[in-house]
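Some notes on the structure that comes next.
The values are calculated or read from the model by the stated rules, or taken from the named source; none is laboratory data. It should be emphasised that the depicted structure is a prediction, and the values quoted were computed from it without experimental measurement. Here the Cβ positions follow ideal geometry from the backbone for every residue, glycine too, while neighbour counts run over all protein chains shown. Heads up: the accessible areas ignore ligands, DNA and RNA and are worked out on the full protein's heavy atoms, side chains in. Shrake-Rupley method; radii C 1.70, N 1.55, O 1.52, S 1.80 Å.
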Amino acid sequence: MSLNQLESSVRAALSAQLDNARRVVLAYSGGIDSELLASILARLRPQFPARPFLLIHVHHGLSDHADAWAEHCQRRAELYGLPLTVARVTVEQGSRISLEAAARSARYQALDRLLQPGDLLLTAQHKDDQAETLLLALKRGSGPLGLAGMLPSQPFAGATLLRPLLGHSRAEVELAAQELGLAHIEDDSNTDVRFDRNFLRHRILPLLTERWPGFNNAVARSAQLCGEQQSLCDEMAAEDLSRLSLAADGLAIEGLSLLSAPRRNNLVRYWLRRHNLMMPSQVQLQQIAQFWLAREDAQPQLKVGLRWLRRYRDGLYLVAEDDGPQLDTEMMIPRVRQQMANGEHWCLEAACSGERLRLPKAGEAITIRYDLLGTQRVRPHLRSGSRPLKKVWQELGVPPWVRSRIPMLFFGEQLVAALGYWLERDALVLAGEGLLPVRQD
């Protein structure tokens, strides 16, 4: 494949995504793969004048040459006419820590910090990298999600991650770089076969491709088929989640217990993945079974990543290791979309019909408060009479660890609503204009 053909495929991948892109950002290591992609982007940039193009180089500090590599990237970025950001990171190290995994985690955390919503992030993985990724997934005993390998495009940190070279081999990339006479970095760690990926690259894959020359193409087809299978699993899980989801992002235990074991495990994996948690091992999935086998009044819990799985009544919930900082009182402005201290977005919109709150009186501050006393009496509009707040939370099935983070809306000193749960009967207006809290996440 010629350089022109490879460049055309990158242009096509960009064109398919650029309508919704804010900026085009390349994760630029300076190695031959990203060097070629940076060179191609520099030539394509005039064809897309409405979008800023930029490079990000992550300085891991693991090699004695790291500063020289950053300087190389700066020189090349100036040559390409592309702005460069160098992000310095600290990679966690230790006797029981995979340096490969820690460096990758630090790299993606740095990209996460620097990306903006709507960005298009390009990385330079190719077909040979895909083969390595699938073999590593096999070593870990992964299911369809892991065996799908790297996707050509996927969401990442509010941006879109695009891999435009994924359909091309390392040999094609190297030939194109040679045609351009590109200067690039040779990372000395890439030859260290103590690292799993390098071991596969230098020892295993050459043997496999010598025996079966089309091995990498076959791996790419298998990854695509596994990706299709995973998409089908995700569709089923999304349907199950819509039926079994509870308030506070929980899962209904009774509904889970009625599913077959494979379907239940599929839903739990999907649910955890939506919370950016690593997939549970087979042993952990067996341990999770205690949640639907235990009595309703039991409170089993299990550590999953940085969260805890906990049961409350008929619900399975993910809970942070701690309740987080105390949330302070905050002001709210009518008709303005605001982010609450708990991370939710709310707006008080004008309403002239239906159940709605009265307008604030002159001099009444509109505030959001948190963690009210459970003994405070409230009058939810969906119920008759008043009762203690704690009793209402129990009736609604709201877990104890969620209650302190629910925004409680006040006009002056009067509680008028528990956002997302009820309006106070005493604060309703029957005629004329009123206000209605609307969540806008």
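Here are the numbers for the structure shown:
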{"read-out": "Qualifying residue in region 271-291 (condition: touching a Gly at 6+ places or on another chain (Cβ under 6 Å) and of a type outside the set (S, T, Y))", "value": "yes"}
{"read-out": "Checking Q93 against (1) over 24 Å from G158 (Cα atoms); (2) at pLDDT 90 or above, the condition it does not meet", "value": "(2)"}
{"read-out": "Helices (runs of 4 or more DSSP H) wholly inside region 171-254 containing at least 2 residues that are over 30 Å from L3 (Cα atoms) and open to solvent by less than 80 Å² (accessible area, probe 1.4 Å)", "value": "215-244"}
{"read-out": "Total residues in region 52-68, condition in contact (Cβ under 8 Å) with a residue 60 or more places away in the chain and open to solvent by 60 Å² or more (accessible area, probe 1.4 Å)", "value": "2"}
{"read-out": "Subset of region 257-284 [modelled with pLDDT of 85 or more and aliphatic (A, V, I, L, M)]", "value": "L258, L259, A261, L267, V268, L272"}
{"read-out": "In region 285-306, residue nearest to A252 (Cα to Cα) [restricted to those that are open to solvent by less than 70 Å² (accessible area, probe 1.4 Å) and at pLDDT 75 or above]", "value": "F291"}
{"read-out": "Test: residue in region 6-21 that is over 23 Å from F156 (Cα atoms) and open to solvent by 10 Å² or more (accessible area, probe 1.4 Å)", "value": "yes"}
{"read-out": "Pair list, Cβ < 9 Å and 6+ apart or interchain, from region 230-253 residues that are free of Cβ contacts under 8 Å to residues at least 24 places away in the same chain to residues that are in a helix (DSSP H, G or I) and among the aromatic types (F, W, Y)", "value": "S245/W271"}
{"read-out": "Of all residues making up region 255-284, the number that are open to solvent by less than 20 Å² (accessible area, probe 1.4 Å), over 18 Å from G305 (Cα atoms) and either among the hydroxyl-bearing types (S, T, Y) or touching a residue at least 40 places away in the same chain (Cβ under 8 Å) (or both)", "value": "1"}
{"read-out": "Which numbered condition V402 misses (of (1) modelled with pLDDT of 90 or more; (2) farther than 19 Å from L430 by Cβ)", "value": "(1)"}
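One line per residue, one yes/no per condition, for (1) of a type in the set (S, T, N, Q); (2) closer than 24 Å to D19 by Cβ; (3) in contact with an Asp or Glu (Cβ under 8 Å, 6 or more places away or on another chain); (4) touching a residue at least 60 places away in the same chain (Cβ under 8 Å):
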position: L82; (1), (2), (3), (4): no, yes, no, no
position: A106; (1), (2), (3), (4): no, no, yes, no
position: K139; (1), (2), (3), (4): no, no, yes, no
position: L147; (1), (2), (3), (4): no, no, no, yes
